[in-house]
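The values are calculated or read from the model by the stated rules, or taken from the named source; none is laboratory data. Note that this is a predicted model, so its numbers are computed, not measured. Counting neighbours? That spans all protein chains shown, and the Cβs are built from the backbone with ideal geometry, glycine included.
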Amino acid sequence: MPGRLREAMLYSLEAGGKRLRPALVLSAAEAVSGQKSAFDAALPVGCAVEYIHTYSLIHDDLPAMDNDDFRRGKPTNHKVFGEAMAILAGDALLTHAFHLIARAGRSGTVCAEAALAIVEDLSRLAGAPGMVGGQAADMLGEQGMTSIGELEYIHLHKTSDLIVFSVTAGGRIGGASAVQLELLAKYGRNIGLAFQIQDDILDLIGDEMKLGKKTNSDVQQNKVTYPYLIGIEASMAQVERLTQEAKSAVLEAGFAKPDRLLEIADYLVRRDH
Ligand code: GRG
C-alpha cells in the first residue's frame, strides 16, 4: 500500500472521536451473551463500523459536500492530504471495513453465518438505502426542506442506520433471537434520533452563545433542524422521550447484561459536547 494512503487513513482514524459505534457493538454483544468475553469476537466488527464512520466524515468534510476545515479538533483530511487522497482514504476505509468482517468470519472469531448476516446488514445500512441515502436526501433537501417528517427521514438514515447496525451486529455476535434483534434495532433508531437532535441543540446553543443572541431564528438560517423547527424546549423533551423508549426496548428484550446499553442511552442525553 502506498505510504501516503496509509498515512491519510490513519490520520483520521487516530484523530480521536467518541468511538460511540464500536462501544455499541461491544456493549450489545455483552448484553445479549452476558459475557464480557464477547468483546473479543465483537472487536473486529467494532473496528469495521468505526472505519465506515470515519470514511463518511472524511467525505462529508470535502469541498463538494460540507466543505469543513476542522474535524475532531484537527485540520480535515483533505486540508492535509489534498482532495484526491482524502477521497481515496475514505474509499479504502470503506472497503477495508468489509475485509475485517469477512476475515473475522473466515477465522472463526465470529461464526461464519453471523458474519455473512453482518456484511448484508452493513451493505444495506451504510449504503444507498441507509447512510448514503440519508446524506443524499439531506443534500437534495437543503433548499426546500421544511417538515419534521423529511427531517426525521434524513436523521433515521444518515445518523441512526449506522447505530442500528452497531447494536444489531453486536446482538448477532452475542446470539440474539429475532425478537431481540428487532428490539435492539428499535433501541438504535431511538438513540440515533436522540443523538442527532441533541447534537443540533448543542450546535444551536453554541451558536447563540457565540452570537450573544437568544432566538432560534437569527442563527443557523440555512440549517433546518429540530430545534429550528420546534424550538429548544420541545426538542429537549423529544430527546428525553426517545431515550426512555430506547431504554424500554432494551429492558423488554430481557438481556443478561443490559447495563452498558442503558448507560450509553443516558450518556447521550447528558452530554454537553
Ligand atoms: C459522505 C456518505 C457520506 C455520509 C456522510 C456521517 C455523515 C454522513 C455526515 C457527517 C455529518 C453529520 C453531522 C452527520 C450526522 C451524524 C453525526 C452526528 C456524526 C458525528 O458523529 P460523532 O459525534 O463523531 O459520533 P465522532 O467524531 O465522535 O466519532
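Quick notes on this one:
- Looking only at segment 226-258, and only at residues there that are outside any loop (DSSP other than H, G, I, E, B) and among the basic types (Lys, Arg), the one that is farthest from the chain's Cα centre (by Cα): ARG241
- Residue count for segment 148-184 under the criterion of being away from the ligand (no atom under 14 Å from the Cβ), of a type outside the set (Asp, Glu) and in contact with a helix residue (DSSP H, G or I) (Cβ under 8 Å, 6 or more places away or on another chain): the result is 15.
- Residues of segment 29-47 that turn out to be part of a loop (DSSP other than H, G, I, E, B) and within 15 Å of the ligand (Cβ to nearest atom), as a count: 0
- Complete set of residues in segment 48-79 that are without any contact (Cβ under 8 Å) to a residue 12 or more places away in the chain and either out of contact with any strand residue (DSSP E or B) (no Cβ under 9 Å at 6 or more places or on another chain) or near the ligand (Cβ under 9 Å from one of its atoms) (or both): ALA64, ASP66, ASN67, ASP68, PHE70, PRO75
- Any hit, segment 18-28, residues being away from the ligand (no atom under 16 Å from the Cβ) and part of a helix (DSSP H, G or I): yes
- Qualifying residue in segment 88-103 (condition: of a type in the set (Gly, Ala, Ser), under 15 Å from the mean Cα position of the chain (by Cα), within 30 Å of LYS257 (Cβ to Cβ) and crowded, with 17+ Cβ neighbours inside 10 Å): yes
Results for (1) at pLDDT 95 or above; (2) closer than 18 Å to PHE255 by Cβ; (3) over 19 Å from the mean Cα position of the chain (by Cα); (4) not basic (Lys, Arg), shown as yes or no for each residue.
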site	(1), (2), (3), (4)
GLU7	yes, no, yes, yes
TYR11	yes, no, yes, yes
ARG19	yes, no, no, no
PRO22	yes, no, no, yes
GLU30	yes, yes, yes, yes
ASP40	no, no, yes, yes
CYS47	yes, no, no, yes
ILE58	yes, no, no, yes
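- Residues located in segment 16-25, provided they are surrounded by fewer than 24 Cβ atoms within 10 Å (Cβ to Cβ) and of a type outside the set (Lys, Arg): GLY16, GLY17, LEU20, PRO22, ALA23
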